[in-house]
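First comes the structure, then the notes that go with it.
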Amino acid sequence: MDGELITAIVAVAVSVVGIIYTSVQTKTARDAAEAAQGQVELMRRQIEAEEEDRFENRGPVFSVERAYTDESDVNVPRALVRIKQGSGPRLVSVVVSATGDGVDGMRDDSDSERGDSRAPSIDLGTSTPGALHDVYVDLAFDTRNTDLHLTLACVDEAGARWVRPLGTRVEPEPAPPRGQSRRFRG
């Protein structure tokens, strides 16, 4: 019986070692699977970032062509900003909003003297590469010089959306030559 007992003990020991070995291999396989899953997640994020970069790069590009403070109405100084779409797709909507020290709101009708025509944003409508848009921003009574921050929310014909920031400094325009008005000139 001693031989059978020894054989049983050895068999149990071999089984325990086998179980430990299997457990270690299972843990190693699980760790390898988790590492592989982490690599897949990293690659997915890189692909998403590259797709986002491609999307942003095919979007519209705007620049400020001209900006100054119009003081022709002593009660309401205005920032007059001409922006240009330099490249990108045809847009069906360009909504502009402005912030900065002394900004009182956007004006969708530059000739309107009524205060109720101010809005937090205005839609410039359609735009294509090369298009120029005049943007009018009402300023506080005592504001003549300020840094203006425009935000352009753009939508193309397919419904794709981009947000483009633009910044510019506005200061009073030098006096026009005698006989010319200060009306926004190209």
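The values are calculated or read from the model by the stated rules, or taken from the named source; none is laboratory data. Worth saying up front: this structure is predicted, and the values here are computed from it rather than measured. Cβ sites come from the backbone with ideal geometry, for glycine too, and all protein chains shown count toward neighbours. These area figures cover heavy atoms from the full protein model, side chains too; ligands, DNA and RNA do not enter into them. Shrake-Rupley method; radii C 1.70, N 1.55, O 1.52, S 1.80 Å.
Quick look at the values:
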{"quantity": "Gain on full stretching of the segment that runs from Ala158 to Asn75 - 0.36 nm per residue minus C-alpha separation", "calculated": "25.6 nm"}
{"quantity": "Full-stretch length increase - Arg169, Thr26 - with 0.36 nm per residue and alpha-carbon distance subtracted", "calculated": "45.0 nm"}
{"quantity": "Listed peptides 80-91, 123-134 by packing density, highest first (mean Cβ within 10 Å)", "calculated": "80-91, 123-134"}
{"quantity": "In the stretch 1-93, GluC sites (Glu not before Pro) in a DSSP loop with at most 15 other beta-carbon atoms within 10 Å", "calculated": "Glu71"}
{"quantity": "Relative contact order of the chain, defined on C-alpha pairs under 8 angstrom at six or more residues apart (%)", "calculated": "22"}
{"quantity": "Distance in nm between pseudo-label sites at Arg66 and Arg178 (7 Å out along the Cβ direction from Cα)", "calculated": "2.3"}
{"quantity": "Extension gain (nm, one decimal) between Val40 and Asp108, 0.36 nm per residue minus Cα-Cα", "calculated": "19.5 nm"}
{"quantity": "The chain - accessible surface per residue (Å², probe 1.4 Å)", "calculated": "63"}
{"quantity": "Helix axis angle, 2-57 relative to the chain longest principal axis, alpha carbon, degrees", "calculated": "10"}
{"quantity": "Spin-label model distance (nm) - Asp123 vs Ala140, 7 Å beyond Cα toward Cβ", "calculated": "3.1"}
{"quantity": "Inter-label distance, nm, simple model (7 Å from Cα along the C-beta direction), Val14/Ser87", "calculated": "7.3"}
{"quantity": "Farthest toward positive dipole pole in the stretch 43-165 [+1 Lys/Arg, -1 Asp/Glu at C-beta], among Phe62, Ala160, Ser121", "calculated": "Ala160"}
{"quantity": "Percent accessible area from carbon and sulfur atoms, the chain, protein chains only, probe 1.4 Å", "calculated": "55"}
{"quantity": "Placed amide H near Ala131: partners under 5 Å, 5+ positions off or other chain", "calculated": "Gln85"}
